[in-house]
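Undergrad: Submitted below is the structure of interest, expressed as structure tokens.
The values are calculated or read from the model by the stated rules, or taken from the named source; none is laboratory data. As the structure is a prediction and not an experimental result, all values here were calculated from the model. All Cβ positions, glycine included, derive from the backbone under ideal geometry; neighbour counts span all protein chains shown. SASA here: full protein model, heavy atoms, side chains in, ligands and nucleic acids out. Shrake-Rupley method; radii C 1.70, N 1.55, O 1.52, S 1.80 Å.
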Amino acid sequence: MDAPKDRVLVVDDESNQRTALATMIAGWGYETASAANGAEALDRLREFEASAIVTDLMMPGMDGSELLRRLKDQGQSPPAIVLTAFGNLETAIALVHDLGAFWFLEKPLQPGALRLLLSRAVAQSRLADYNEALERRLSEQGVLGNLVGGSEVMQRIFSLIRQVAPTRATVLITGESGTGKELAARAIHDLSPRRTAPFVAINCAALTETLIESELFGHEKGSFTGAVERRRGCFELADGGTLLLDEIGEMPAPTQAKLLRVLEERKVRRLGAAREVEVDVRLLAATNRDLLAEVKQNRFREDLFFRLNVFEVSLPPLRDRREDIPALCEVMIRDMNIRHQCRVSGVDPQAMALLQNQEWQGNARELRNVVERAVILAGEGLVQPCHFFGLHTAARPPVVSGDEVRLSVGATIDEAERALIEATLRHTGNNRTRAATILGISQKTLFNKLREYGAPGGTE
């Protein structure tokens, strides 16, 4: 069976040129479709999954520039080759850099150049499709970027990230400290059309009010004490890419007002500068606080909260996805072996049970510290429970199911003994004589144990 042909959408307002161009491209082995302007092209793309677009620049109605702008706003779009009779360097830079065109060709058209560019554009489209499919397969196996988790709750998170990443939407990432908020932000960036542009992260809790404004917006020489030279801020550094504002709940109120203005106008003014600079930045924000509660306490601007909370991704604590701990440990051990020149092959089952019974108030960050120390202590082979020196053994209580008693590592002897006695009494219909015989203890010992537990007396 023949492989399906790559598809090319031709967009031109002049009927003769549009037909001739589509016919020539079809002769190179592509399946083609046509549109008379940008608006019609957007309609055609809903049904015609193009691998590449060849579009005229100057057209009535929606022109080529507006078409590219709409496609960029929608996220993932086919690579576009733009044709125009009015070519210059400034136009080329605007099309390729600002609007994301694949390339720019001047008229009169050279068929050989177009054919070469078209083959490269289609190859890029195939690679993008392959990478998307690969990311999807990996996420189904519990990996998305540097995030790890095969649990149901993490699969839902992966799905949300895949949905929002191709868009321009602002994302608010919430969760306790150590749950991987920055990793989620990087995954969103890496799956977005901005993946080749900068990813810049700033921790709002680590800077004073003056310093955070300088870091965000930049400053001119002499604008404040210590400003010995002009400096671009994070918004300018992230132009065309993604900016993560980590711990945004810690941002001072005056800076919140300035940030809101930047988000609305897409312009920044360096401290001490006379003019503003336009920026194209996709904003992500992260916090371990309840921002809505902060709004009610007048500690966070309500208008900024709603501007940031366009799309929320809430990361679960590790204690709510304990089944992910083995996979997390595997990834961490692989990293620690390289970092510390160790040869640890895995975690002993009893040691793993100990890890899975922890509360992990520090989440994955705390787990990483514990695993790193254990890998260094073990050096090689399997990590054993003894390598978790100082780890609290907070166990889950024994679980009784029918005639079975299930114990977790860390349960005390007293807890295990009581669970076994109570289960045996239920099995014997509360007959103490039979229960004592089964347990291999005297009736007096059983009576004393029941008195310790405050249990009612049974039958003889």
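Undergrad: With farther than 20 Å from ARG301 by Cβ and modelled with pLDDT of 90 or more as the only criterion, which of GLU229, GLU236, GLU250 stands out?
TA: On inspection, the qualifying residue turns out to be GLU236.
Undergrad: Now, a different point. Can you confirm whether the stretch 196-208 contains a residue that is among the hydroxyl-bearing types (Ser, Thr, Tyr), closer than 30 Å to LEU127 by Cα and assigned to a strand (DSSP E or B)?
TA: no
Undergrad: Separate question: What residue, of ALA39, ALA22, is under 39 Å from the mean Cα position of the chain (by Cα) and at pLDDT 90 or above?
TA: Exactly one residue qualifies, and that residue is ALA39.
Undergrad: OK, next. Hey, among THR428, THR459, THR412, which residue is modelled with pLDDT of 75 or more and either of a type outside the set (A, V, I, L, M) or open to solvent by 40 Å² or more (accessible area, probe 1.4 Å) (or both)?
TA: Just one listed residue meets the conditions, THR428.
Undergrad: Within the stretch 357-370, does at least one residue satisfy the condition of being of a type in the set (Lys, Arg) and part of a helix (DSSP H, G or I)?
TA: yes
Undergrad: OK, next. Specify the residue that is surrounded by the most Cβ atoms within 10 Å (Cβ to Cβ); the eligible residues are those in the stretch 244-292 that are part of a loop (DSSP other than H, G, I, E, B) and under 19 Å from the mean Cα position of the chain (by Cα).
TA: Filtering first and then ranking leaves VAL281.
Undergrad: Another question, then. Can you tell me which residue is farthest from the chain's Cα centre (by Cα) among those in the stretch 173-207 that are surrounded by fewer than 20 Cβ atoms within 10 Å (Cβ to Cβ), farther than 18 Å from PHE235 by Cβ and among the hydrophobic types (A, V, I, L, M, F, W, C)?
TA: Per the criteria, the residue is ALA205.
Undergrad: Is there any pair with a first residue in the stretch 225-248 that is over 29 Å from THR179 (Cβ atoms) and a second that is of a type in the set (A, V, I, L, M, F, W, C) and in a helix (DSSP H, G or I) whose Cβ atoms are under 9 Å apart and which are 6 or more apart or on different chains, and what are they?
TA: Once the first residue is over 29 Å from THR179 (Cβ atoms) and sits in the stretch 225-248, its partners that are of a type in the set (A, V, I, L, M, F, W, C) and in a helix (DSSP H, G or I) give GLU236/PHE217.
Undergrad: Under the condition of being in a strand (DSSP E or B) and not hydrophobic (A, V, I, L, M, F, W, C), which residue from the stretch 305-323 is farthest from VAL164 (Cα to Cα)?
TA: By that ranking, first place goes to SER314.
Undergrad: Could you say which residue among ARG186, ARG156, ARG126 is of a type outside the set (Val, Ile, Thr) and modelled with pLDDT under 90?
TA: Going through ARG186, ARG156, ARG126 in turn, just one is of a type outside the set (Val, Ile, Thr) and modelled with pLDDT under 90: ARG126.
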